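What follows is a set of notes on a single structure, which appears directly below.
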Amino acid sequence: MSYFKDKADEIASFLSELIRFDTTNPPGNELEAAKFVAEKLGEYGINCEILTSNSNRGNVIARIPGSSSGPRLLLLSHLDVVPAKPSDWRHHPFSGEIKDGYVWGRGAIDDKGHVAMEVFTLIALIENRVEFNGEIIFATTADEEMGGKYGAKWLVENHPEKVKADYVINEGGGFGLPAGDKIVFAIQTSEKGVYWFKLKVKGRPGHASMPLSGENAIVKISKAIKELEEHKMPITPNIHVKLFIETLASATGKGLLSKILLSRALGEHALKRIYRSDKSLAALLDAMLRNTITPTVIKGGYKENIIPDEVECIFDCRLLPGFNEKHVLNHLKEVLKGLEYEVEFLHKDPSTQSPINTQLFNIIDKVLRKNVPNAIVTPYMSTGGTDSRFFRRKFNSIAYGFEPIVIEGPLKEFMSMIHGINERISIKNLVFGTKVTFETIVELMKAR
């Protein structure tokens with residue numbers, strides 16, 4: 001369909017301008033970017049409302065009703081981005097530079113590029129006068145990068161009637177990974193839960209010139225961190241991860257390796273083997289296969305010459321479906337035997353998942369295979385959280401991470417751009433993602 005190729009320059013220019021709005025979160029300040037998105041949709045007769053959850057925190061909502069009753073589909077994205085240090089980048093992260101066929105800048109992939117795809121999906125529906133059933137809702141929100149308090153979470157809690165949907169298409173998946181002679185598209189059907197806890201260890205003060213005069217809390221917590229690093233939680237594959245690994249292994253002709261990797265007894269050996277050849281892939285698989293506990297912040301001591309008597313360490317836990325803080329506490333009890341400590345959970349956000357065998361998943365599979373003949377589509381569990389969790393919990397929505405992109409270059413380079421440096425998206429991928437999203441929606445919502 002030449003329509004989308006003809007739109008390439010407009011999509012790229014829109015994304016370039018959107019990136020120029022510095023929506024670094026904190027503090028976010030997404031309101032002006034929200035107005036810009038609403039203005040673009042307004043040019044095509046699509047009415048929007050901007051809902052402000054707090055000062056300068058803007059959320060855009062647009063609704064397009066179909067010709068008759070049917071499912072409600074939400075196209076979800078977010079406007080805020082993580083911080084970027086300009087001196088580390090090849091092009092300024094908020095320049096929106098268009099060069100060598102790419103749009104450069106913070107948010108090009110996460111998630112302003114996705115905003116652009118969904119905006120121009122709506123525009124394509126209007127310009128091509130597509131008839132459909134049900135209702136298509138568009139929401140691009142604030143505050144995703146800091147937990148959604150002023151964005152998706154706020155909308156679900158304060159304006160549920162505006163965003164309630166049977167289906168949600170969001171970020172977090174849809175990336176096509178070259179594997180052998182195939183391209184494996186991973187659709188996010190589940191995401192790990194996010195738990196943060198503070199571990200406090202106490203010692204006894206003394207003069208630092210005589211180390212044995214006290215009991216050093218820093219030394220004690222260092223040993224605890226070492227024990228937790230050496231005694232990782234066991235490999236526990238779930239259906240989303242199992243299917244992803246089996247599909248990836250089949251595409252690369254390594255079916256036997258996948259069986260070893262999914263084995264509790266032999267999985268550790270397989271991960272070490274993969275790590276020697278592809279550290280990025282091994283890091284991803286390790287995080288998908290087990291619950292993780294990672295120290296991220298440590299505080300202790302108050303004077304150079306005093307042995308510290310109290311130290312706190314904050315840990316980030318990412319838990320698989322079916323696990324919660326009780327499993328973490330049991331693991332601490334088992335690993336840190338003999339150590340006196342206190343635990344306080346600072347944040348608890350359980351894992352969420354959506355069913356795989358659905359009409360929408362099957363349509364995604366069909367559309368991708370049509371556009372990419374060597375495509376293989378698989379479910380996937382993301383190790384990070386997305387706003388999909390709010391809709392799965394509140395409305396039992398079938399929510400998928402589906403931002404259609406074919407990874408260009410090594411996986412390591414692609415992964416390093418997301419929340420890293422030199423983030424960029426090719427104009428070719430912008431067009432591809434918009435076209436595939438459009439065709440998926442038309443197939444799901446088409447009038448019969």
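The values are calculated or read from the model by the stated rules, or taken from the named source; none is laboratory data. Computed from a prediction, not measured in an experiment: that's the story for all the values here. As a convention, Cβ positions derive from the backbone with ideal geometry for all residues, glycine included, and neighbour counts pool all protein chains shown.
Just a few scattered comments:
- Subset of region 234-259 (residues that are of a type in the set (A, V, I, L, M, F, W, C) and over 13 Å from residue 285 (Cα atoms)): 239, 251, 256
- Number of positions in region 304-323 that are over 20 Å from the mean Cα position of the chain (by Cα) and surrounded by fewer than 20 Cβ atoms within 10 Å (Cβ to Cβ): 7
- A single entry from 391, 361 fulfils the requirement of being part of a helix (DSSP H, G or I), in the same structural domain as residue 12 (by TED's automatic domain parsing) and not aliphatic (A, V, I, L, M): 391.
- Across region 264-280, the number of residues qualifying as without any contact (Cβ under 8 Å) to a residue 24 or more places away in the chain and over 22 Å from residue 414 (Cβ atoms) comes to 6.
- Across region 178-210, the qualifying residues are those that are of a type in the set (A, V, I, L, M) and surrounded by fewer than 23 Cβ atoms within 10 Å (Cβ to Cβ), and the one among them that is nearest to the chain's Cα centre (by Cα) is 194.
- Any hit, region 329-338, residues being touching a residue at least 40 places away in the same chain (Cβ under 8 Å) and either touching a helix residue (DSSP H, G or I) at 6+ places or on another chain (Cβ under 7 Å) or not assigned by TED's automatic domain parsing to the domain that holds residue 239 (or both): yes
- Selection count, region 180-200, where residues are of a type in the set (D, E, K, R) and either touching a Ser or Thr at 6+ places or on another chain (Cβ under 6 Å) or not in a strand (DSSP E or B) (or both): 3
- Given (1) in a helix (DSSP H, G or I); (2) surrounded by fewer than 17 Cβ atoms within 10 Å (Cβ to Cβ); (3) in contact (Cβ under 8 Å) with a residue 40 or more places away in the chain, index of the condition residue 413 fails: (3)
- The condition (being buried (at least 18 other Cβ atoms within 10 Å of the Cβ), hydroxyl-bearing (Ser, Thr, Tyr), in a strand (DSSP E or B) and modelled with pLDDT of 95 or more) is satisfied by just one residue among 121, 140: 140.
- Within region 10-45, the residues that satisfy the criterion of being within 22 Å of the chain's Cα centre (by Cα), in a loop (DSSP other than H, G, I, E, B) and not polar (S, T, N, Q) are 21, 22, 26, 27, 28, 30.
- The requirement of being aliphatic (A, V, I, L, M) and in a strand (DSSP E or B) is fulfilled nowhere in region 323-334; no residue meets it.
This table checks each residue for (1) surrounded by 22 or more Cβ atoms within 10 Å (Cβ to Cβ); (2) among the small types (Gly, Ala, Ser).
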site	(1), (2)
349	no, no
359	no, no
364	yes, no
380	yes, no
385	no, yes
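- Members of region 71-114 found to be under 14 Å from residue 424 (Cα atoms) and of a type in the set (A, V, I, L, M, F, W, C), listed by number: 81, 84, 89, 94, 98, 103, 104, 108, 109
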